[in-house]
Amino acid sequence: MPSSFPSIPKTIERLKTGEKTTIVAFGDSITEGYDVSKGFVDFWEEALRVKYPSAQLRMINSGRSGDTTFAAVERFRRDVVAHKPHLVSVQFGINDCFGAVYRSEFRENVQWLILRLFEETSAEVVLVTSMLPRSENDRESLMRYYDVIIDYSKEYGLPLIRLDQLWMRSLNGERDFDEIVLPDGIHPSEEGYALIAAEFMKLFS
């Protein structure tokens, strides 16, 4: 299925009218921008400032390398709620899958984050899947975790950005996969991050 982009009307209206707007990108090293000068949060902010020149935008990168959803729960109030966000993107899964976090625990933690965002902030919430590696076995393992994110998007009616699909299209030859990933084969290159930011901007089209 294609990526689904329900509207985020409150954030869009704030950006259009020049109200102070805080966006928090909450995630792991993919969000943080591992080993690059510019990650997707930087490209995303640049694109938003071009599209909404009157915006009073504060972009917070709350990505932390190596984080699982257990770490996300621990730092949630400090790194998300404390910023009083209007929009929050949530992107976890890779470290949970390969870091011995059971899928059931991942499910519980992601739901906890979603419900706390509803209860402790007034933010609109966007869920995000992450990258897919070359290994078919690893892809199958990861998709079991990404399916949790996809299911919660449907259950709670939340916008969903399917970066797994973006990566799969590249693996299938849409573009040179080596150009969008670092030599480790999983973290995006700056070119890859620019593509990710373009996916995020579809929320604002």
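Considering only 69, 17, 31, the mean-square fluctuation computed in a Gaussian network model of the chain, springs between alpha carbons under 10 angstrom, is largest for 17.
In a DSSP loop and with at most 14 other Cβ atoms within 10 Å, the trypsin sites (Lys or Arg not before Pro) in segment 1-100 are 38. A Förster radius of 41 Å combined with the Cβ-Cβ distance from residue 37 to residue 151 puts the calculated FRET efficiency at roughly 0.70.
Spatially, segment 77-131 and segment 166-205 are offset by 22 Å when compared through their Cα centroids.
Do any trypsin sites (Lys or Arg not before Pro) in segment 127-163 lie in a loop, going by DSSP, with at most 14 other beta-carbon atoms within 10 Å of their beta carbon, and if so which?
Working: sites: 134, 139, 144, 154, 162; in loops: 134, 162.
Counting only loop positions with at most 14 other Cβ atoms within 10 Å, the trypsin sites (Lys or Arg not before Pro) in segment 127-163 are 134.
Extension gain residue 205-residue 75, at 0.36 nm per residue separation less the Cα-Cα distance, in nm? Intermediate values should be presented prior to the final figure.
Values: separation 130, 0.36 × 130 = 46.80 nm, distance 3.17 nm.
My answer for the length gained is 43.6 nm.
Here the sum of -39500 (n - 2.57) over DSSP H runs of 4 or more residues, divided by the residues of the chain, equals -15500 deg cm²/dmol at 222 nm, to the nearest 500. Among the GluC sites (Glu not before Pro) found in segment 1-88, those both in a DSSP coil and sparsely packed, with 16 or fewer other Cβ atoms within 10 Å of their Cβ, are 19. Considering only beta bridges that DSSP places wholly inside segment 9-204, some 5 percent are antiparallel.
Multiplying the residue separation of residue 84 and residue 116 by 0.36 nm and subtracting their alpha-carbon distance yields 10.2 nm. For residue 54 and residue 7, a Förster radius of 35 Å and the Cβ-Cβ distance give a FRET efficiency of 0.95, rounded to the nearest 0.05.
Taking the chain as a Gaussian network of alpha-carbon nodes connected by springs under 10 Å, the highest mean-square fluctuation of the residues 92, 40, 70 belongs to 70. As a proxy for reagent exposure, 130, 141, 54 were ordered by neighbouring Cβ count within 10 angstrom, fewest first; the result is 54, 141, 130.
Values in this text are rule-based calculations from the coordinates and carry no lab data. Predicted model, so just to flag it, every value in this text is computed and none were measured. Please note: Cβ atoms are built from the backbone with ideal geometry, for glycine as well, and neighbour counts cover all protein chains shown.
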